[in-house]
Amino acid sequence: MSNASLKEQLQAVADKFPESEKKSHPPRQARQQTTKPAQQRSPSPRPNRAEKPKWLEYAQYGVELLRAYFPSCFKSTDGIAPLKKGIKQDLVKRLSTMEAIVTEDKACMVKSLSYYVNTMSYHKCVVEGAVRFDLDGKPEGVVTAEEAKYSIERTQLKHKAKQQAVSPE
């Protein structure tokens, strides 16, 4: 599955959620006044940043759910480790037994797994001989030389694409 199709799939799912479910924060000026009323500051101009696409918010939400329900397996950026081969099937099987989680969140976690394993941080940790882990954080195999080579190629391609996006020639 290409990244473009993954993005399109996540966008399609994110579009189903109403705008009212987005996190809403009070305006920056209002927050400053509530935290420090005596100090009057004018709001500083924020750099022009594009808002996150809906598919990215959806994918990151799914990763946070994975971290919440499977903390031994899905760690923060500092503790990322290679995942067991076939972990998607294990995840689907495990989620099917967890009645407390709503179906939409289960689907979000499964779809976000693809996002997680295609991040630069994940590819950087996939090196030859590195131990792979299952959903419970137990060792389950090692990374082969071929798999490590693939991850290096993916990292280089992503880095090259990022450079070209920043400075188009």
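The values are calculated or read from the model by the stated rules, or taken from the named source; none is laboratory data. Here the structure is a predicted model, which means the values were calculated and not measured. As a convention, Cβ positions derive from the backbone with ideal geometry for all residues, glycine included, and neighbour counts pool all protein chains shown.
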Exercise. Can you name every residue in segment 94-114 that is part of a helix (DSSP H, G or I), over 20 Å from residue 124 (Cα atoms) and not aliphatic (A, V, I, L, M)?
Worked result: 94, 96, 97, 103, 104, 105, 106, 108, 111
Exercise. Is at least one residue of segment 132-146 of a type in the set (S, T, N, Q), under 22 Å from residue 60 (Cα atoms) and out of contact with any strand residue (DSSP E or B) (no Cβ under 8 Å at 6 or more places or on another chain)?
Worked result: no
For this session: With the checklist (1) within 29 Å of residue 15 (Cα to Cα); (2) in contact with a strand residue (DSSP E or B) (Cβ under 7 Å, 6 or more places away or on another chain); (3) not aliphatic (A, V, I, L, M) in hand, flag the one item residue 106 doesn't pass.
Result: (2)
Exercise. Would segment 109-129 turn up any residue that is small (Gly, Ala, Ser), within 21 Å of residue 70 (Cβ to Cβ) and surrounded by fewer than 16 Cβ atoms within 10 Å (Cβ to Cβ)?
Worked result: yes
Seminar exercise, completed: Result of the Cβ filter at 8 Å on segment 86-114, keeping first residues that are without any contact (Cβ under 8 Å) to a residue 40 or more places away in the chain and under 21 Å from residue 56 (Cα atoms) and partners that are aliphatic (A, V, I, L, M) and in a loop (DSSP other than H, G, I, E, B), at least 6 apart or interchain, is 106/98
For this session: Output the qualifying pairs, or none if there are none: Cβ atoms under 9 angstrom, residues six or more apart or on different chains, first residue in segment 59-71 and under 18 Å from residue 81 (Cβ atoms), second residue of a type in the set (Val, Ile, Thr).
Result: 63/119; 69/101
Exercise. How about segment 116-142: which of its residues are in a loop (DSSP other than H, G, I, E, B), under 17 Å from residue 88 (Cβ atoms) and aliphatic (A, V, I, L, M)?
Worked result: 126, 135
Exercise. What are the pairs, 6+ residues apart or on separate chains, where a residue within segment 156-169 that is assigned to a helix (DSSP H, G or I) has its Cβ under 7 Å from a residue that is surrounded by 11 or more Cβ atoms within 10 Å (Cβ to Cβ) and modelled with pLDDT of 80 or more?
Worked result: 158/120
Problem set entry | Top-ranked residue in segment 57-93 [being of a type in the set (A, V, I, L, M) and assigned to a helix (DSSP H, G or I); ranked as farthest from residue 120 (Cα to Cα)] | 92
